[in-house]
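J.: Below is a structure I'd like to ask you about.
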Amino acid sequence: MTRVALAFSGGLDTTVCVPLLEEEYGYDEVVGVTVDVGQPEEEFAEARETATALGLEHHVVDARAAFADLCFASVRANATYQGYPLGTALARPVIAGAILDVALEHDCDALAHGATGKGNDQLRFEAVWRASELEVVAPVREMGLTRQWERDYAAERDLPVEMGNEGVWSIDTNLWSRSVEGGELEEPSHVPDESVYEWTEAPGAETEEFVVTFEQGAPVAVDGEAMDPVALIEHLNERAGAYGVGRTDVMEDRLLGLKVRENYEHPAATVLLNAHEGLESLVLTKEERLFKRRVDDEWAEKAYQGLVDAPLVGALEGFIGETQSKVTGDVTVRLEGGRARVVGRESPYAVYEAAFASFSTEDVGSITQADATGVAKYHGFQERFANRVRERGDELTADREDQG
Ligand code: ARG
């Protein structure tokens, strides 16, 4: 008796995988697993209904809390990839890990996904799964299936898929972002109309302000109201989405080298990333910030690859965690014109004293204005010296050439 756990959404790809895993791959039983990372309720309804119609053993796992924690780790790393806050990328290792747990608990021998051979998700899923002893199979990729073949096969087999109702675009939604690709959006010059967006309103003239509180780099409250990570993200998606915050339209470089045109919506991510960086700008030194940018970029790159468990990521988080111990305080954010702008910040760790920065002739500490005279004399010394020497060098060279 062999059993295979399939990452199951109830969509066309994963639905055709069910009979194929039995008939073409020879597994005796298929176990469907749907992992909740904050998709809309309809998606679970679709998965449940399809599973029932197929007579599939079906498990739904709530991984929202684990996913929200990873989203907050990405905030501490100010993480974006080519402008995108990594929602799909961050969700994949969480989903893959949850499916692996179900597979092990329910005596499965193998793991399967319905991803194609072109995208990033196959790599992100398998990076997690291949650390186990279980077999890994990918019917859509391995059998070279096309959407048309799948549609014909589903019709022939009378599989429970809603024909022609797959929508114009391919959409991936979770707590952190909603991604839309395909259809007419595949033409990079095509300007998307409002129908592409579901989480965000077209930006209008209204504005709104609120305060986000951070503790050690993690958002913990909005306007003084404490919220757990899932609730806080949901709250800000609604609130900032109403002001058109968090739309990105990118030509994204996928892991296998292909470019893809993606449209994303991520209101909460935009608010939290902006607010977090705003607070870091108050509490970290210039050098910490400069160096952290490099660390953050590496973190985001590994996250895009789906490799958040890489040893490098742990090491990067060692540095990030050290800096975040001071990223505590309040940030005032204003939603305006589709943007989430930091308009105020305060922290007990502010590397800032109004008396030092404001233009005043009074002495600060034991330093007097006149102390800067020596610094001003030295500042740019090497550059001035180099320019003079080089001019003279050019003259000497020209003279030598005249004589020669
Ligand atoms: N390209 C993005 C990524 O790899 C997201 C793709 C989401 N999928 C979709 N069908 N819209 O992270």
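The values are calculated or read from the model by the stated rules, or taken from the named source; none is laboratory data. All values reported here derive from a predicted model rather than from experimental measurement. Note that we place each Cβ from the backbone using ideal geometry, even for glycine, and neighbour counts take in every protein chain shown. Protein only, heavy atoms only, side chains kept; ligands, DNA and RNA dropped before computing areas. Shrake-Rupley method; radii C 1.70, N 1.55, O 1.52, S 1.80 Å.
J.: For region 327-357, give me the residue count where each residue is free of Cβ contacts under 8 Å to residues at least 60 places away in the same chain and within 24 Å of the chain's Cα centre (by Cα).
T.: So the answer is 0.
J.: Another one. Within region 230-271, can you find the residues that are among the polar types (S, T, N, Q) and within 10 Å of the ligand (Cβ to nearest atom)?
T.: Taking region 230-271 and keeping what is among the polar types (S, T, N, Q), we get 237, 248, 263, 270.
Hit for region 230-271 is 263, nothing else.
J.: Within region 1-25, track down each residue that is closer than 25 Å to residue 152 by Cβ and open to solvent by 50 Å² or more (accessible area, probe 1.4 Å).
T.: Passing the criteria: 9, 22, 23, 24, 25.
J.: Are there any pairs with C-beta distances below 6 angstrom linking a residue in region 158-170 that is modelled with pLDDT of 70 or more to a residue that is in a loop (DSSP other than H, G, I, E, B), with the two at least 6 apart or on different chains, and if so which?
T.: Taking only residues 6 or more apart or on different chains, the pairs are 169/182; 170/182.
J.: Right, something else. Can you pull out every residue in region 206-233 that is farther than 23 Å from residue 79 by Cβ, in a strand (DSSP E or B) and open to solvent by 70 Å² or more (accessible area, probe 1.4 Å)?
T.: Residues satisfying the conditions are 207, 209, 225, 226.
J.: Still on this structure, please answer the following. Return yes when residue 298 is within 30 Å of residue 189 (Cβ to Cβ) and either modelled with pLDDT of 95 or more or surrounded by fewer than 18 Cβ atoms within 10 Å (Cβ to Cβ) (or both) and no when it is not.
T.: no
J.: Moving on to the next point. Which members of region 234-248 meet the condition of being open to solvent by 10 Å² or more (accessible area, probe 1.4 Å) and of a type in the set (Val, Ile, Thr)?
T.: 248
J.: Right, here's the next one. Taking region 257-291 on its own, how many of its residues are touching a residue at least 40 places away in the same chain (Cβ under 8 Å) and either in contact with a helix residue (DSSP H, G or I) (Cβ under 8 Å, 6 or more places away or on another chain) or in a strand (DSSP E or B) (or both)? Even if it seems obvious, please write down each step before you answer.
T.: Just the residues of region 257-291 that are touching a residue at least 40 places away in the same chain (Cβ under 8 Å), to begin with: 258, 260-285.
When the remaining residues are screened for being either in contact with a helix residue (DSSP H, G or I) (Cβ under 8 Å, 6 or more places away or on another chain) or in a strand (DSSP E or B) (or both), the result is 260-273, 276, 280-281, 284.
Final tally of qualifying residues: 18.
J.: Taking residue 251 as meeting all but one of (1) surrounded by fewer than 16 Cβ atoms within 10 Å (Cβ to Cβ); (2) assigned to a helix (DSSP H, G or I), write down the number of the exception.
T.: Here residue 251 clears every test but (2).
J.: Working only within region 329-352, note down all residues that are in a loop (DSSP other than H, G, I, E, B) and surrounded by fewer than 17 Cβ atoms within 10 Å (Cβ to Cβ).
T.: 337, 348, 349, 350, 351, 352
J.: Out of the residues in region 81-127 that are on the phi > 0 side of the Ramachandran plot, within 16 Å of the ligand (Cβ to nearest atom) and of a type outside the set (S, T, N, Q), which is most open to solvent (accessible area, probe 1.4 Å)? Outline the logic, then answer.
T.: Here is the first cut: in region 81-127, the residues on the phi > 0 side of the Ramachandran plot are 82-83, 86, 107.
Narrowing further to those that are within 16 Å of the ligand (Cβ to nearest atom): 82-83, 86.
Checking which are of a type outside the set (S, T, N, Q) leaves us with 83, 86.
Values: 83: 38, 86: 0 Å².
Applying the filter and picking the extreme gives 83.
J.: Based on what the data block shows, is residue 203 open to solvent by 70 Å² or more (accessible area, probe 1.4 Å) and part of a loop (DSSP other than H, G, I, E, B)?
T.: Spelling it out, it is not the case that residue 203 is open to solvent by 70 Å² or more (accessible area, probe 1.4 Å) and part of a loop (DSSP other than H, G, I, E, B).
J.: Let me ask something else. Being among the aliphatic types (A, V, I, L, M), without any contact (Cβ under 8 Å) to a residue 12 or more places away in the chain, assigned to a helix (DSSP H, G or I) and open to solvent by less than 40 Å² (accessible area, probe 1.4 Å) is true for just one of 68, 51, 45. Which residue is that?
T.: Answer to the selection: 45.
J.: Also, quick follow-up: Among the residues of region 26-39, is there at least one that is surrounded by fewer than 20 Cβ atoms within 10 Å (Cβ to Cβ), in a loop (DSSP other than H, G, I, E, B) and more than 23 Å from the chain's Cα centre (by Cα)?
T.: Looking for residues that are surrounded by fewer than 20 Cβ atoms within 10 Å (Cβ to Cβ), in a loop (DSSP other than H, G, I, E, B) and more than 23 Å from the chain's Cα centre (by Cα), one finds at least one in region 26-39, hence yes.
J.: What are the residues in region 71-80 that are open to solvent by 20 Å² or more (accessible area, probe 1.4 Å), on the phi < 0 side of the Ramachandran plot and away from the ligand (no atom under 14 Å from the Cβ), if any?
T.: Listed by number, the list holds a single entry, 76.
J.: Let me ask something else about it. Select, from 96, 127, the only residue that is in contact with a Gly (Cβ under 6 Å, 6 or more places away or on another chain), modelled with pLDDT of 95 or more and not in a loop (DSSP other than H, G, I, E, B).
T.: Unique residue meeting the criteria: 127.
J.: Which fully enclosed strands (runs of 3 or more DSSP E) of region 130-190 have 1 or more residues being within 16 Å of the ligand (Cβ to nearest atom) and open to solvent by 30 Å² or more (accessible area, probe 1.4 Å)?
T.: 170-173, 178-181
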